[in-house]
Amino acid sequence: MANSAGKRTSGGRRGIQSVEVGGRLLHALAHHGRAMALKDLAADAGMTAAKAHPYLVSFGHIGLVEQDRTSGRYALGPLALQLGLISLQQADPVRIAAPLLPDLAARTGHTVALVVWGGRGPTIVLREASPSAVHVDMRHGTVFSIAGTASGRLFAANLPVDVIRPIYEAERASSLRTRRGDNGAATTVPLPAWRSFESDLIEVRRHGLGRSEGAVVAGVSALSAPVFDHRGAMVLALTAIGPSAAFDARWTGRVASVLRDAAQSVSARLGHGPVMARGIAN
């Protein structure tokens with residue numbers, strides 16, 4: 001067995017080297033999402049089969065891996081499955097995504113927010129103001145329209161129709177009733193029929209982003225990227241919003257790229273991705 005003497009990490013904390021070495025085997029099994037032959041598993045972990053075998057025997061004793069008696073291939077065991085399920089149950093999308101906000105605001109140059117599906121629709125739960133002197137602010141608890149906002153359209157494109165359509169029809173009815181009042185508020189442009197809105201959602205699904213360019217507030221644009229959990233359900237939106245004159249609203253622009261990468265990173269932490277999909281399929 002490899003030397004198990006402790007080593008210091010970059011953070012100054014002492015760890016067990018042999019545990020970290022053996023962990024490469026578990027990482028390889030998780031990455032491939034299928035049973036593997038000893039030689040292939042060892043090669044993927046950067047070690048010889050002779051070195052890998054004792055680790056796998058020990059992991060088998062505690063249920064982290066199991067070996068098929070017929071093929072001899074190794075796969076993740078029942079304890080690994082239990083740990084994974086417990087981890088998924090404990091995963092909090094907001095807690096995982098929140099630390100990313102300051103960096104997202106700095107990299108996009110705009111205000112960014114975490115938006116969840118609340119009792120009245122897409123709702124801001126956290127936000128980080130733009131570092132720019134000129135920016136658009138958003139308040140915690142703000143509920144977005146599903147028809148005219150980037151976050152709203154994104155949720156509308158990913159949630160069931162029976163959830164979204166009643167809310168859209170209520171917004172449409174309100175838009176048809178709105179007139180210029182004594183306070184000088186501008187008349188709301190009536191929303192189109194549901195079929196037209198459904199057509200708009202096709203574009204959202206095709207690009208994997210929600211987008212709004214001055215639809216709700218003149219001169220304000222936004223992009224929103226979805227976060228998915230291990231079931232493939234959308235649980236959170238990462239939204240950037242800013243003045244249209246300085247906002248890159250292109251589907252393939254910098255803001256879109258930054259939001260996509262961050263959303264995919266959070267989704268992976270929640271168990272969404274190819275490996276989880278293969279595991280469920282098997």
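Odds and ends about this structure:
- Matching residues in region 11-39 - criterion: being over 15 Å from Leu76 (Cα atoms) and surrounded by fewer than 17 Cβ atoms within 10 Å (Cβ to Cβ): Gly11, Gly12, Arg13, Arg14, Gly15, Ile16, Gln17, Val19, Glu20, Lys39
- Index of the failed condition, His140 passing every other in (1) within 28 Å of His110 (Cα to Cα); (2) open to solvent by less than 60 Å² (accessible area, probe 1.4 Å); (3) touching a strand residue (DSSP E or B) at 6+ places or on another chain (Cβ under 7 Å): (2)
- Selection within region 205-261 - touching a residue at least 12 places away in the same chain (Cβ under 8 Å), open to solvent by 40 Å² or more (accessible area, probe 1.4 Å) and of a type in the set (S, T, N, Q): Ser244
- Restricting attention to region 55-78, the residues being assigned to a helix (DSSP H, G or I) and either within 18 Å of Ala30 (Cα to Cα) or in contact with a Gly (Cβ under 9 Å, 6 or more places away or on another chain) (or both) number 7.
- For region 11-54, a residue qualifies if it is over 18 Å from Leu81 (Cα atoms), of a type in the set (A, V, I, L, M, F, W, C) and either over 29 Å from the mean Cα position of the chain (by Cα) or not in a loop (DSSP other than H, G, I, E, B) (or both), and the qualifying residues are Ile16, Val19, Val21, Ala37, Leu38, Leu41, Ala42, Ala43, Met47, Ala49, Ala50, Ala52.
- Failed condition for Leu29, given (1) within 23 Å of Val227 (Cα to Cα); (2) modelled with pLDDT of 85 or more: (1)
- Within region 140-167, tally of residues that are small (Gly, Ala, Ser), touching a residue at least 40 places away in the same chain (Cβ under 8 Å), under 15 Å from Val116 (Cβ atoms) and not in a helix (DSSP H, G or I): 0
- Checklist (1) within 20 Å of Gly273 (Cβ to Cβ); (2) open to solvent by 70 Å² or more (accessible area, probe 1.4 Å); (3) not hydroxyl-bearing (Ser, Thr, Tyr) applied to Glu66, failing item: (1)
The values are calculated or read from the model by the stated rules, or taken from the named source; none is laboratory data. The structure displayed is predicted, hence computed values, not measured ones. Here the Cβ is made from the backbone with ideal geometry for all residues, glycine too, and neighbour counts use every protein chain on show. Note: areas computed on protein heavy atoms with side chains; ligands, DNA, RNA excluded. Shrake-Rupley method; radii C 1.70, N 1.55, O 1.52, S 1.80 Å.
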